[in-house]
Amino acid sequence: MSFALRVYMAPDFSKKEFVDAPTCVWLPAPADQVAPEGYHAMSIFPEYFKIGDTWVLAPESRMDCVAVRENGRIAVREIRTLRCGELVAIGRTENGEEGIFIHPDGFRETRRRNEVFSFRQGRSRETAFSKDYDELYELLRYEREHGKIVWVMGPAFAFDHDARNAFSLLVANGYVHALLAGNALATHDLEAAYLNTALGQNIYTQESQPNGHYNHLDTINRARYHGSIGAFIQNEGLTDGIMCQCEKHHVPYVLAGSIRDDGPLPGVIGDAYEAQDRMREQVRDATTVICMASMLHTIATGNMTPSYRVLPDGTVRQIYFYCVDIAEFVVNKLVDRGSLSARGIVTNVQDFIVTLTKGLGLQ
C-alpha cells in the first residue's frame, strides 16, 4: 500500500456570498496582553480573512488564539503575547458574514452515515485497530522523508524494557523528529540507563532493588552534578534508552515541568508559559503528532495543533494527530476539548509502541 496525502480543496471564493461579504474588521489591542472586544478566537481548521477583495488564508492556526495583521501578513498569536496597538481580527461568525470563513472540510474526510441506530460508533477497547496500525506504518514511512513527526510521551515507556527499546529504535531510525514530555519520562529513562531500574524496580523483571526508592533521586542528583542531561550521558558512559538516543541523533526534546516533579533534571522547564512556547516551536511545523499516555501533555499539544499546515511552496496539507491511551476517558476528552481531527487508539501504550516498531521492520 502506497501512502498519499489527501488533496486540499480550497473554498470557491468566486461564489456570490464570498464576493459580497464585507472585509474583515481589525481593531487595535487596547493594552499589552489584552484583546479588543469582539476579537475572533481561532480554531484548528483553515481560516480565511477577507482583506480588500481577497480572501487570505492564515498560514497557521492555534485554538483559542487571535489573528493579528503584522507586516502585511496574518500572524496567529496567544493573547498573552499581544502588544498595545496591534491590529486584531474582529468577528464571532464563521461563514463570511464578518469577513471570516472557517473551512472544516478541506481534506474531505470520510464521514460515517448518521444512522438512527448503529453499534460501535465511538472508539473503545473493543474497537478494531488493525487498519489504524496499517495506516500508521505507511504514514510514518512517508513522514520520515517528507514531514516532521512529533511524539508526546508520558513516563509509562520508561518502566518497560521492551517499550523503551522499541521507542529507542524509532529514534535511531529517523521516525522521531521531536519529543515533548515531562521530568518523569526523562528521569526514569535515565534511571534505567544508569541503574537498570525505574522507580527502583528492574525494568525487565520488575523486581524491587534494595534501597531502590533512592534510584531516581540519585539519577537526578548525578545529572545535576554534571550540569545537563547530555553531559550526564557522556560522562557516565550511558548508551541505551530514549534520552541517550535523542542526544546521539540530535533529536530536540522539550521537558515541561510540573508542580509534583522531583529534582527536577537539568533542562526541565519550570515556567509553564516558557514550556508552552517551547512546545509550540516544535509543533508549529509538525505534520504528524502522536500523543501517548500523558493526558495533560496530550490535551496541551492538541490545543496548539491545527488540522493543516501551509508548506513553503504554498501547498496546504493535512496534519495527522493520534492519541494513544489505555483510558477511553483520555481519548474522548481530547475530542471534547476541541481537537476534532484527532484519531484515538485505546490500548496499552507499551504494547502499542512494540507493535508499531515491529510493523515498521525495526526489530
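The values are calculated or read from the model by the stated rules, or taken from the named source; none is laboratory data. None of these values were measured; they are calculated from a predicted model. Cβ: placed from backbone, ideal geometry, glycine included. Neighbour counts: every protein chain shown. In case anyone asks, the SASA skips ligands and DNA or RNA and just uses the protein heavy atoms, side chains included. Shrake-Rupley method; radii C 1.70, N 1.55, O 1.52, S 1.80 Å.
Among the hydrophobic types (A, V, I, L, M, F, W, C), surrounded by 20 or more Cβ atoms within 10 Å (Cβ to Cβ) and in a loop (DSSP other than H, G, I, E, B), is that true of ALA286? When the stated conditions are applied, ALA286 passes them.
Checked against the criterion of being in contact with a Gly (Cβ under 7 Å, 6 or more places away or on another chain) and either over 30 Å from TYR133 (Cβ atoms) or outside any loop (DSSP other than H, G, I, E, B) (or both), the candidates GLU97, GLU37, GLU17 yield just one match: GLU17. For the range 194-212, indicate whether the set of residues that are under 29 Å from the mean Cα position of the chain (by Cα), assigned to a strand (DSSP E or B), hydroxyl-bearing (Ser, Thr, Tyr) and more than 15 Å from ARG164 (Cβ to Cβ) is non-empty. No: the range 194-212 contains no residue that is under 29 Å from the mean Cα position of the chain (by Cα), assigned to a strand (DSSP E or B), hydroxyl-bearing (Ser, Thr, Tyr) and more than 15 Å from ARG164 (Cβ to Cβ). Of GLY314, GLY344, which residue is under 30 Å from PRO11 (Cα atoms), open to solvent by less than 10 Å² (accessible area, probe 1.4 Å), over 12 Å from the mean Cα position of the chain (by Cα) and not charged (D, E, K, R)? Step by step, each of GLY314, GLY344 is checked, and only GLY344 is under 30 Å from PRO11 (Cα atoms), open to solvent by less than 10 Å² (accessible area, probe 1.4 Å), over 12 Å from the mean Cα position of the chain (by Cα) and not charged (D, E, K, R). Evaluation of ARG309 against the conditions (1) open to solvent by less than 10 Å² (accessible area, probe 1.4 Å); (2) part of a strand (DSSP E or B) shows that the sole unmet condition is (1). Across the range 37-51, what is the number of residues that are open to solvent by 30 Å² or more (accessible area, probe 1.4 Å) and either modelled with pLDDT under 95 or acidic (Asp, Glu) (or both)? Here the count works out to 2.
Identify, from the list VAL7, VAL76, VAL68, VAL34, the residue that is surrounded by fewer than 16 Cβ atoms within 10 Å (Cβ to Cβ) and closer than 23 Å to SER307 by Cβ. Give the steps one after another, and end with the answer.
Details: VAL76 fails: surrounded by fewer than 16 Cβ atoms within 10 Å (Cβ to Cβ); VAL68 fails: surrounded by fewer than 16 Cβ atoms within 10 Å (Cβ to Cβ); VAL34 fails: closer than 23 Å to SER307 by Cβ.
Only one candidate qualifies: VAL7.
Filtering the range 180-188 for residues that are in a helix (DSSP H, G or I) and among the polar types (S, T, N, Q) leaves a non-empty set. The residues of the range 245-265 that are open to solvent by 20 Å² or more (accessible area, probe 1.4 Å), part of a loop (DSSP other than H, G, I, E, B) and modelled with pLDDT of 95 or more, listed by number, are HIS249, HIS250, PRO252, GLY257, PRO264.
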